[in-house]
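Q: Take a look at this one; I'll ask things after.
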Amino acid sequence: MKVALCNLKKQYLPLKKEIDTAIAKIINSTSFILGKEVENFERHLEKYLDIKYGVGCASGTDAIILALRALGIQPGDEVITTPFTFISTASSITRIGAKPLFVDIDPQTFNIDPIQIEKRITKKTKAIIVVHLFGQACRMSEVLKIAKRYKLKVIEDNAQSLGSRYKGKLTATMGDIGTLSFFPAKTLGGFGDGGAVVTNKKKLAENLKCLRLHGTSKQYYYQEIGYNSRLDTLQAAVLNIKLKYLNKFNALRREKAEQYNRLLEGIAEVKIPYAYKDNYHIYGQYVVTIKQRDQLKQYLTKQGIASAIYYPYPLHLQPCYKDLNYQKGALKVTEASCKKVLALPFYPEISLKEQKQVVSAIKSFYSS
Ligand SMILES: *Cc1c(COP(=O)(O)O)cnc(C)c1O
């Protein structure tokens, strides 16, 4: 039996009727751009996160760009972030003309190591983008303390962790702005691209709305150069339905992660994901740290078991960032992690049988 990394169909089928009806309704209304469903979704998202303003946009990548622009980050400014993340976190900084400063990560959680942030700060540093990686919050109280001391803005890239908590607080709500992605495989996934930006500050929310609509402050009047970055009404309709079940999906993720933890117990070569006691980890991905990663991955593929590497190359050594002049060995924990991590098949609906199959294949690899 093949085991897929993720199976979106298993989430769709039980909701099919509800979703298909909502989609048909929008097609009938032809209100495709910033229709009522977008506003509905924004209100529901605000309620879910207990935050004042939610603004839909076209993708999680755009959400970061909009956040940086709304916070007034200028070309030439520096923004601190992690090199162990999806490219968007850093490329968004570059795309607005600012410069990413990469800080190494914590080897247990793979999140930015707050202790190393302070020494990277210069006069040009204006903001920090943290990423709550794989479903777990980074050490926010330390990040916020540093940000306050140096008057830096904080963006939380929460593309992988919607519903996750840090000491009881929902991720995306602790900094100045939180950004979300609704890419289909994320924990809240649409039927295409989508994203959102959330904040408690009214002025920022107004600016974000203006920026996503070409910089429009009133019709055909442009306050600044903006973007065409709206959340599609069709996506909003799907997300509105799925948001109702998000806590259930996240609880299932936690259950299935516990299940893997138990099954993997006693395999010395495999280190299970580390979870802080006071974090509500929602396991956007289930990522183990292992020996002979590449050989194991190949072996699993041969057995029909999918797996993925998030991330195989550190961002500071990517060809697109060679101008930043980082050398190999500059951020050791990140570079070592890229060689050891492996994401196993994982999604809320994965069956015990599938999980057992994955683990028994891992066992047979290490015993042979
Ligand atoms: C997926 C992801 C993004 C980008 O989201 P898109 O909606 O695909 O543009 C940004 N940051 C992180 C950490 C992500 O995982």
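Q: If DNA, RNA and ligands are ignored and the probe is 1.4 Å, what is the ranking of 126, 353 by accessible area, most exposed first?
A: Highest to lowest solvent-accessible surface, that is 353, 126.
Q: Which links in 25/153; 124/277; 148/248; 248/353 stretch past 30 Å when you go from one Cα to the other?
A: Correct reply: 25/153; 124/277; 148/248.
Q: Rg and Dmax of the stretch 270-352, using alpha carbons, in Å: what are they?
A: Cα only, the stretch 270-352: 15.2, 47 Å (Rg, Dmax).
Q: Over the stretch 231-368, with the other protein chains present, what is the accessible area per residue in square angstrom, probe 1.4 angstrom?
A: It amounts to 49 Å² per residue over the stretch 231-368.
Q: Further question on the same structure: For the chain, what does the relative contact order come out to in percent, with C-alpha contacts under 8 Å and a separation of six or more?
A: Taking the mean separation of contacting Cα pairs over the length of the chain, I get 22 percent.
Q: Can you work out the FRET efficiency for the pair residue 224 and residue 367, with r the C-beta to C-beta distance and R0 = 51 Å, to the nearest 0.05?
A: 0.25
Q: Can you give the extra length, in nm with one decimal, that the chain gains between residue 50 and residue 99 once fully stretched, where that is 0.36 nm per residue apart less the Cα-Cα distance?
A: Stretched out fully, the residue 50 to residue 99 stretch lengthens by 14.4 nm.
Q: Along Cα→Cβ, 7 Å out, is where each label goes; now give me the distance between the ones at residue 255 and residue 21 in nm to one decimal.
A: 2.5 nm
Q: Taking 0.36 nm per intervening residue step and subtracting the Cα-Cα distance, what contour gain separates residue 214 from residue 115 on full extension?
A: Full extension of this stretch gives 31.8 nm more.
Q: Taking R0 as 30 Å, what's the FRET efficiency between residue 336 and residue 8 from their Cβ-Cβ distance, rounded to 0.05?
A: 0.40
Q: Right, another one. Stretch residue 29-residue 351 to full length: gain in nm at 0.36 nm per residue minus the Cα-Cα span?
A: Gain on stretching residue 29 to residue 351: 112.0 nm.
Q: Using the per-residue mean of other Cβ atoms lying within 10 Å as a proxy for protection, in what order, highest first, do the peptides 15-27, 84-96 fall?
A: On the way: 15-27: 13.6, 84-96: 21.4.
Going from most to least packed, we get 84-96, 15-27.
Q: Calculate the dipole size of the stretch 1-74 relative to its Cα centre from +1 charges on Lys and Arg beta carbons and -1 charges on Asp and Glu beta carbons; express the result in debye to the nearest 20.
A: With Lys and Arg at +1 and Asp and Glu at -1, about 340 debye.
Q: Right, here's the next one. Kindly work out what percent of the DSSP beta bridges joining two residues of the chain are antiparallel, to the nearest 5.
A: Approximately 60 percent, going by the DSSP bridge assignments.
Q: Who wins for biggest fluctuation among 131, 333, 79 in a Gaussian network model of the chain, springs between alpha carbons below 10 Å?
A: Sorting by GNM fluctuation, first place goes to 333.
Q: Average the reciprocal distances over every distinct pair of alpha-carbons in the stretch 82-194, invert the result, and give the Kirkwood radius in Å.
A: In the stretch 82-194 this quantity evaluates to 14.4 Å.
Q: Out of all DSSP beta bridges in the stretch 101-229, what portion is antiparallel? Express it as a percent rounded to 5.
A: 55 percent
Q: Another question, then. Suppose all protein chains stay in the model; what accessible area per residue would a 1.4 Å probe give for the stretch 1-106, in Å²?
A: Heavy-atom accessible area per residue stands at 45 Å².
Q: Return the single residue from 262, 139, 293 with maximal mean-square fluctuation; model: Gaussian network over the chain, springs between Cα atoms under 10 Å.
A: 262
Q: Below 10 angstrom from the Cβ of residue 52, what's the summed charge of the other residues (Lys, Arg +1; Asp, Glu -1)? Don't skip to the answer; put the middle values down first.
A: On the way: positive: 201, 202; negative: 46, 50.
Local charge sum for residue 52: 0.
Q: Could you tell me whether the stretch 314-368 comes out rounded, prolate or oblate from its Cα gyration tensor? Rule is a ≥ b ≥ c as square roots of the eigenvalues, rounded for a/c under 1.5, then prolate if a/b exceeds b/c, otherwise oblate.
A: It comes out prolate by the Cα gyration axes.
Q: If we count every other residue with Cβ under 12 angstrom of residue 124's Cβ, Lys/Arg +1 and Asp/Glu -1, where does the sum land?
A: Net charge in that neighbourhood comes out at +2.
Q: Also, I was wondering about something else. Restricting to DSSP loop positions (anything but H, G, I, E, B) with no more than 14 other Cβ atoms inside 10 Å of their own Cβ, which chymotrypsin sites (Phe, Trp or Tyr not before Pro) remain in the stretch 301-366? If you can, show how the numbers build up before the last one.
A: Numbers: sites: 310, 321, 326, 346, 365, 366; in loops: 310, 326, 346.
When the chymotrypsin sites (Phe, Trp or Tyr not before Pro) of the stretch 301-366 are filtered for loop state and at most 14 Cβ neighbours within 10 Å, nothing remains.
Q: For the chain, what is the Kirkwood hydrodynamic radius in Å, using each pair of distinct C-alpha atoms?
A: Mean inverse Cα-Cα distance, inverted, gives 21.2 Å.
Q: When the Kirkwood radius is taken over all Cα pairs of the stretch 1-112, what Stokes-Einstein diffusion coefficient follows at 25 °C and 0.890 mPa s, in µm²/s?
A: Details: Rh = 17.7 Å.
Estimated via Stokes-Einstein, D reaches 139 µm²/s.
Q: What number does the stretch 241-287 give for Rg over Rh if you use C-alpha atoms and the Kirkwood radius?
A: Numbers: Rg = 12.4 Å, Rh = 11.8 Å.
Value, to two decimals: 1.04.
Q: Would you work out what percent of the accessible area of the chain, with all protein chains in place, is carbon or sulfur (probe 1.4 Å)?
A: C and S atoms contribute 54 percent here.
Q: Consider a paramagnetic label point 7 Å from the Cα of residue 151 along Cα→Cβ; state which residues of the stretch 95-136 have an amide N under 13 Å from it.
A: Counting only backbone N, you get 123-127.
Q: For each pair in 9/340; 17/186; 52/209, compute the distance between the two Cα atoms and list the pairs where it is over 20 Å.
A: 9/340; 17/186
The values are calculated or read from the model by the stated rules, or taken from the named source; none is laboratory data. Predicted model only: the values in this text are computed from it and were never measured. All Cβ positions, glycine included, derive from the backbone under ideal geometry; neighbour counts span all protein chains shown. Just the protein is used for accessible areas: all its heavy atoms, side chains included, with ligands, DNA and RNA removed. Shrake-Rupley method; radii C 1.70, N 1.55, O 1.52, S 1.80 Å.
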